[in-house]
Amino acid sequence: MQIGKAGTPVSHIGQAYPDRVEVRGRDLCGDLMGRLSFTEYFHLLLTGREPTDDQRFFLDLLLVAIAEHGMMPTNVAARMTLAADPESLHGAVAAGILGCGPVILGTSESCARLLEAAQERVASGGAPAAVTEEMAGEIHASGDKLPGFGHPVHRPLDPRAERILELADAREVSGPHVLLARCFRDGVAKAWNKPLAMNVSMPIAAVMLDLGFSSAAVKAVPILARTAGLLAHLAEEQQNPLGFLMAGRAEEAVQYRARPEDLLP
């Protein structure tokens, strides 16, 4: 019995035939291989179109910006998984990706939806600064966090975020969503009564939207980037195992203490 609504039984991505592979209407071996970079090919796979120069440049930039951030919990989980099962590289990658919640993967998709909502208010006649100030105030009053702001390490500025915005201005791709991201910075400072660092998730979303990406595609970038970082950590783990060392340090750091109520009959 079918559960849920099914779509049209058609895929537009690719098909393998005995003598060729076709991807998005193009011959993989006769056209794409040797002509497109992986970033360009990723764009084609994701959107069905080959990227413009600016789309390729910024997709490259964003992937580089967030592929690696040190011994994050996802990298630790992947290393410890590989230590426990050295033959399961794919399992270790999966363990790391499955642990990529918004704290590690970032909130770029949420930022994109926030920026789209703000742009709708602007399109209805609101000024960008007034709209973002109002929305930041609403989010603060509700007790929620505003995606794209705050970072446990990068204070007062996230250097990755600032570099993305700098290059967006330099290449003249900054549009209404980048403007709204900057306005949100002021709105957040007013609502929270203190400045909060704009983290890398906000400019990722803003630049991608200004370059014509859909909000649904935004999260694909940090997932792909983090996968590359995981593979680097796992390659190092194979040469210089740290997984069991980290597991041992965790056990040393956490004390066991029986609770008196657990000893009651």
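One-quarter of the Cα convex hull surface for the chain, in nm²?
For the chain, averaging the hull's shadow over all directions gives 23.1 nm².
Accessible area per residue for the range 110-265, computed on protein heavy atoms with a 1.4 Å probe, is 56 Å². In units of the rule-of-thumb radius 2.2 N^0.38 Å, the range 178-241 shows an alpha carbon radius of gyration of 1.57. Of the accessible area of the chain, with the probe set at 1.4 angstrom, what percent is carbon plus sulfur? About 57 percent, which is the carbon plus sulfur part of the accessible surface. Taken along its three principal axes, the alpha carbon spread of the range 127-190 comes to 37, 32, 15 Å, from the longest extent down to the shortest.
The Cα atoms of the range 1-89 define a convex hull whose projected area, averaged across directions, is 10.8 nm². Restricting attention to the chain, the count of lysine pairs at 8 or more positions apart or across chains with alpha carbons under 28 Å apart stands at 4. Per-peptide packing, taken as the mean over residues of other Cβ atoms within 10 Å, places 252-260, 186-194, 109-117 in the sequence 109-117, 186-194, 252-260 from highest down.
The values are calculated or read from the model by the stated rules, or taken from the named source; none is laboratory data. These figures come from a predicted structure and were not determined experimentally. FYI the Cβ positions are ideal-geometry reconstructions off the backbone, even for glycines, and counts take in every protein chain you see. Ligands, DNA and RNA are stripped out before the accessible areas are found, and what is left, the full protein with its side chains, is counted by its heavy atoms. Shrake-Rupley method; radii C 1.70, N 1.55, O 1.52, S 1.80 Å.
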